Number of protein chains: 2
Amino acid sequence: MIILKIGGSILTEKDSTEPKVDYDNLNRIAEEIQESLYADEISNDLIDGLVIVHGAGSFGHPPAKKYKIGEPFEIEDYLEKRIGFAEIQNEVKKLNSIICESLIAHGIPCIAIPPSSFITTHNKRIYDFDLDLLKTYIREGFIPVLFGDVVIDDEVKIAVISGDQILQYIAKFLKSDRIVLGTDVAGVYTKNPKTHDDAVHIDEVNSIEDIKFLESTTNVDVTGGMVGKVKELLDLADYGISSEIINANEKGAIAKALQGMEVNGTNICRK
Amino acid sequence: MIILKIGGSILTEKDSTEPKVDYDNLNRIAEEIQESLYADEISNDLIDGLVIVHGAGSFGHPPAKKYKIGEPFEIEDYLEKRIGFAEIQNEVKKLNSIICESLIAHGIPCIAIPPSSFITTHNKRIYDFDLDLLKTYIREGFIPVLFGDVVIDDEVKIAVISGDQILQYIAKFLKSDRIVLGTDVAGVYTKNPKTHDDAVHIDEVNSIEDIKFLESTTNVDVTGGMVGKVKELLDLADYGISSEIINANEKGAIAKALQGMEVNGTNICRK
């Protein structure tokens, strides 16, 4: 089974203050998934199932910031926080609906599973997550689609749950074969490749030592939290789950990665 | 705790072949719910929580019919059925999103809980339904919104689950205090009131005997399955849960019913 994560920066215009879908990317990626699913010779991992996780992009980040979700608040502000929760949940659901519409138009039997309808967190980390229904959908040949969402938290009341956290959790507990992470850069570089011409690409990361130099540079945050991502993926590598980070803006990259072909990116695995 | 069911015929133009929202009814009803929730003197039942269940109307029925969901099918048609499932799920989710948007705009902290993300059925009847998260949302002061949907069935593979079945299940297992059913007629009549001028309204139904004459008339189906509804509500009455069927097209009817005021309709309760 493969988990495909598609970043919010790929599917939406992330810096837009208004929620805005990047339809060119969305429809192209839906086509690539379709091509991979119905290819004559497809990887066995894919026959065993595919789960898609997507980010919230400009549908989730602006309202989450507006309502300061995750920050401590006074009890008299709880009604406003709840309205914020409702608003964010509805916005990310709208994005998910648009994504599913494109997948369905490409003949992909997807099923949306909003995290807010079955996940709760303890201090912003997942602790209650019943995977039975997800397993049932996969067994029946559906492609579950999960996404960054807001959830009830037993400490901070209301929390944001990122697509990355969901990815990590389901990869571990559903024992996925591998992970494909579609971001807006082709994996890990020595410097931020968007701003540094002399950035050198890293093909493979096997341990935390390999990315130590990244943390000492000043561009850690600019890379879109790449260090954090790699650390979580190294954690999965300990369970035998390898990942590859690819540039989903590159035409054909997702199709190739899903079918197990070589593609420009960074592999995260234990030696 | 009160469960408010709003029929698909109220929130959508049910006979439309294209999915079409009845925005006048939707926004008016959202206003009535807001008014009831924030009224100075509200019924104690409402302080204890509100759950909203809505039908799928013209968003669910046409695609469910198109893909013949619930009917037996050959295994080679399973991919097409799954696409149908995906399409219906996405359509009803869209309707739910529009409904939530109106509720949120009226200051109601609603949370959508799609049945397909936590319910499965056995031969079209619910058998697996974890109510813990629903309880958590109610406890935290949210208004959960559920709706007619498609679900995985262990016999027929794919089944439609009606808002009425969800209503009955959660009323029983969450032990709701009472139920308000907003339909397009003010409850039970001796004949279909839309086509018969001499139809006489029935104020209260206490037993199956009271509606026996309805089954012997020829207009059973024309009344929109009213006999079936009443039978299920009588079943709940045995658990001490009384219901009232009201006309949600009538301005103020839902607001009054939620606040425990008298309203034109039919009460279903045991004597």
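Being among the small types (Gly, Ala, Ser) and without any contact (Cβ under 8 Å) to a residue 24 or more places away in the chain narrows it down to one residue among B:ALA30, B:ALA86; which is it?
On the way: B:ALA30 fails: without any contact (Cβ under 8 Å) to a residue 24 or more places away in the chain.
Result: B:ALA86 is the single residue among B:ALA30, B:ALA86 that is among the small types (Gly, Ala, Ser) and without any contact (Cβ under 8 Å) to a residue 24 or more places away in the chain.
When you scan the stretch B:187-271 for helices (runs of 4 or more DSSP H) that lie fully inside it, which ones turn up with 1 or more residues that are modelled with pLDDT under 85 and aliphatic (A, V, I, L, M)?
B:212-215, B:226-237
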Point to revise | Count of residues meeting criterion [of a type outside the set (Val, Ile, Thr) and open to solvent by 20 Å² or more (accessible area, probe 1.4 Å)] in the stretch A:154-165 | key: 5
Review point. Restricting the search to the stretch B:104-131, which residues are at the interface with chain A (Cβ under 8 Å from one of its Cβ atoms), farther than 26 Å from B:PRO62 by Cβ and in a helix (DSSP H, G or I)?
Key: B:ILE104
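When the residues of the stretch A:35-44 are filtered to those that are open to solvent by 60 Å² or more (accessible area, probe 1.4 Å) and assigned to a helix (DSSP H, G or I), which remaining residue is modelled with the lowest pLDDT?
The residue in question is A:ASN44.
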**Study point:** Every residue from the stretch A:85-103 that is within 9 Å of chain B (Cβ to nearest Cβ) and either surrounded by fewer than 20 Cβ atoms within 10 Å (Cβ to Cβ) or over 30 Å from A:GLU32 (Cβ atoms) (or both)
**Key:** A:PHE85, A:ALA86, A:GLU87, A:LYS94, A:SER97, A:GLU101
Point to revise | Which numbered condition A:ASN123 fails, given (1) within 30 Å of A:TYR23 (Cβ to Cβ); (2) modelled with pLDDT under 95 | key: (1)
Exercise for review: Test B:ALA56 against the criterion of being in contact with a Phe, Trp or Tyr (Cβ under 7 Å, 6 or more places away or on another chain), open to solvent by 10 Å² or more (accessible area, probe 1.4 Å) and away from chain A (no Cβ under 14 Å), and give yes or no.
Suggested key: yes
Practice item. Please state which of the following conditions A:VAL151 fails to meet, knowing it meets all the rest: (1) assigned to a loop (DSSP other than H, G, I, E, B); (2) open to solvent by less than 20 Å² (accessible area, probe 1.4 Å); (3) closer than 29 Å to A:LYS68 by Cβ. Key: (1)
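Considering only the stretch B:45-56, I want to know if a residue exists there that is part of a helix (DSSP H, G or I), among the acidic types (Asp, Glu), within 22 Å of B:ILE113 (Cβ to Cβ) and at pLDDT below 90. Break it down stepwise before answering.
Here is the first cut: in the stretch B:45-56, the residues part of a helix (DSSP H, G or I) are B:45-47.
From the residues that got through so far, the ones that are among the acidic types (Asp, Glu) too are B:45.
Next cut, within 22 Å of B:ILE113 (Cβ to Cβ) only: B:45.
Remaining after also requiring at pLDDT below 90: B:45.
Yes: the stretch B:45-56 contains one or more residues that are part of a helix (DSSP H, G or I), among the acidic types (Asp, Glu), within 22 Å of B:ILE113 (Cβ to Cβ) and at pLDDT below 90.
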Practice item. Among the residues of the stretch A:227-271, write down those that are open to solvent by 60 Å² or more (accessible area, probe 1.4 Å) and either among the basic types (Lys, Arg) or over 18 Å from the mean Cα position of the chain (by Cα) (or both). Key: A:LYS231, A:ASP238, A:TYR239, A:GLY240, A:LYS251, A:LYS256, A:MET261, A:GLU262, A:ASN264, A:ARG270, A:LYS271
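Residue by residue through the stretch B:140-156, note down the ones that are among the β-branched types (Val, Ile, Thr) and either facing chain A (nearest Cβ under 10 Å) or within 17 Å of the chain's Cα centre (by Cα) (or both).
Taking the stretch B:140-156 as the starting set, the residues that turn out to be among the β-branched types (Val, Ile, Thr) are B:143, B:145, B:150-152, B:156.
B:ILE143, B:VAL145, B:VAL150, B:VAL151, B:ILE152, listed by residue number.
Based on this model, can you work out whether B:HIS106 counts as at pLDDT 95 or above, over 21 Å from A:THR120 (Cβ atoms) and open to solvent by 10 Å² or more (accessible area, probe 1.4 Å)? I'd like the intermediate steps shown before the answer.
On the way: at pLDDT 95 or above: yes; over 21 Å from A:THR120 (Cβ atoms): yes; open to solvent by 10 Å² or more (accessible area, probe 1.4 Å): yes.
It is true that B:HIS106 is at pLDDT 95 or above, over 21 Å from A:THR120 (Cβ atoms) and open to solvent by 10 Å² or more (accessible area, probe 1.4 Å).
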Revision key, fill the gap. Of the conditions (1) part of a helix (DSSP H, G or I); (2) under 28 Å from B:THR17 (Cβ atoms); (3) within 13 Å of chain A (Cβ to nearest Cβ); (4) open to solvent by less than 10 Å² (accessible area, probe 1.4 Å), the single one that B:TYR137 does not satisfy is (2)
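Can we say A:GLU80 is of a type in the set (Asp, Glu) and touching a residue at least 60 places away in the same chain (Cβ under 8 Å)? Show your work before the answer.
Numbers: of a type in the set (Asp, Glu): yes; touching a residue at least 60 places away in the same chain (Cβ under 8 Å): no.
In short, no.
The values are calculated or read from the model by the stated rules, or taken from the named source; none is laboratory data. Note that the structure is predicted; figures quoted are calculated from it, not measured. Positions of Cβ are generated from backbone atoms using ideal geometry, with glycine treated the same way; all protein chains shown enter the neighbour counts. Calculation scope for accessible area: heavy atoms of the full protein, side chains included, ligands and nucleic acids excluded. Shrake-Rupley method; radii C 1.70, N 1.55, O 1.52, S 1.80 Å.
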